[in-house]
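The values are calculated or read from the model by the stated rules, or taken from the named source; none is laboratory data. It should be emphasised that the depicted structure is a prediction, and the values quoted were computed from it without experimental measurement. Using ideal geometry, Cβ is built from the backbone for each residue, glycine included, and neighbour counts are taken over all protein chains shown. These area figures cover heavy atoms from the full protein model, side chains too; ligands, DNA and RNA do not enter into them. Shrake-Rupley method; radii C 1.70, N 1.55, O 1.52, S 1.80 Å.
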Amino acid sequence: RCNEDFILDELLHLFDEKVGVPFNKEEREEIDKDWEYRSKNKIPPGYKDENKSTNASGDLILWMQILKYSKDNSKDIIFVSDDKKEDWWREACGRKLGPRIELRKEFLDYTGKKFHMYTMESFIKYSTESNGVKYDQSVIDEIETIDRQNYNFEIGAILSSHDNDEREFVSKRFQIAMRIEQLKEKNEKRKKALKEIEDNLEKGRYSANRIRQYEILQDKIEATNQTILMLESKYRGLGLLL
């Protein structure tokens, strides 16, 4: 029927009785004060939103809701988010390894429970594999496409808020950041291929071609890492990287 929205109905069913109670006015005011202190002292989460004109404390409000829910219900928490900012994630070699150490500690101190984070992509992969189910790559591809669309939308919104000189500067910054991110993603794919070759070698599946592929991949990964370090050092020195 034309007047029915089956997707909306399903979403409403999924979220029925699963949405928490919002903070009251006094609680929001306290969180806003806490956010100002955290923002000045670079305490996660939320300090990367200090330049937002509206809802700058939104990430901290979400974090406080997570803390409250865990404590009230005595539950460990898995938080799935595609927020890519560094005030949520602990990173190494371009990979997101989980929540910031500060977040884990605050969570444990406040609730006595465990806390972990996944991106949507990694959550689908790990949750399906741990249950012995093969994930559908088309779902992952769709998530990555949506991520790119959201990223481009954010760039457009930021650029539209600057004058011409600032717009050119911000555009250049995004281009550089995107290029570095592309290099990191390329290396991640190479590392996966490297791991597959290592697994084969451990199983005794030796061949001259496989060993040569292994060596080429190692060289490419190292060369790309050096390029990333050079770009980050060069453009951060010019003020074109945060």
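Just to verify a result, which residue in the stretch 32-51, among those that are assigned to a helix (DSSP H, G or I) and farther than 24 Å from Val80 by Cβ, is most open to solvent (accessible area, probe 1.4 Å)?
Step by step, filter the stretch 32-51, then rank; the result is Lys40.
Only one residue in Gln218, Gln213 is open to solvent by less than 100 Å² (accessible area, probe 1.4 Å), more than 20 Å from Arg95 (Cβ to Cβ) and modelled with pLDDT of 75 or more. Which one?
Within the list Gln218, Gln213, the selection yields Gln213.
Step by step: first the residues of the stretch 175-201, then only those that are under 16 Å from Gln218 (Cβ atoms) and acidic (Asp, Glu), then the one that is most open to solvent (accessible area, probe 1.4 Å). Which residue is that?
Once the filter is applied, the top-ranked residue is Glu196.
Which one is least open to solvent (accessible area, probe 1.4 Å), of the residues in the stretch 80-96 that are outside any strand (DSSP E or B) and either in contact with a helix residue (DSSP H, G or I) (Cβ under 6 Å, 6 or more places away or on another chain) or at pLDDT below 75 (or both)?
If we filter the stretch 80-96 for residues that are outside any strand (DSSP E or B), which is where we start, we get 81-88, 93-94.
Among the residues that remain, those that are also either in contact with a helix residue (DSSP H, G or I) (Cβ under 6 Å, 6 or more places away or on another chain) or at pLDDT below 75 (or both) are: 82, 85, 87, 93-94.
On the way: Asp82: 56, Lys85: 57, Asp87: 0, Cys93: 108, Gly94: 28 Å².
Checked the stretch 80-96; the qualifying residue least open to solvent (accessible area, probe 1.4 Å) is Asp87.
Exactly one condition in (1) under 28 Å from Ala177 (Cα atoms); (2) among the hydroxyl-bearing types (Ser, Thr, Tyr); (3) loosely packed, with under 15 Cβ neighbours inside 10 Å; (4) touching a strand residue (DSSP E or B) at 6+ places or on another chain (Cβ under 9 Å) is false for Thr54; which is it?
(4)
Could you check the stretch 101-133 and list, in sequence order, the residues that are at pLDDT below 90 and open to solvent by less than 40 Å² (accessible area, probe 1.4 Å)?
Met117, Thr119, Ser122, Ile124, Lys125, Ser127, Thr128 - these are the residues of the stretch 101-133 that are at pLDDT below 90 and open to solvent by less than 40 Å² (accessible area, probe 1.4 Å).
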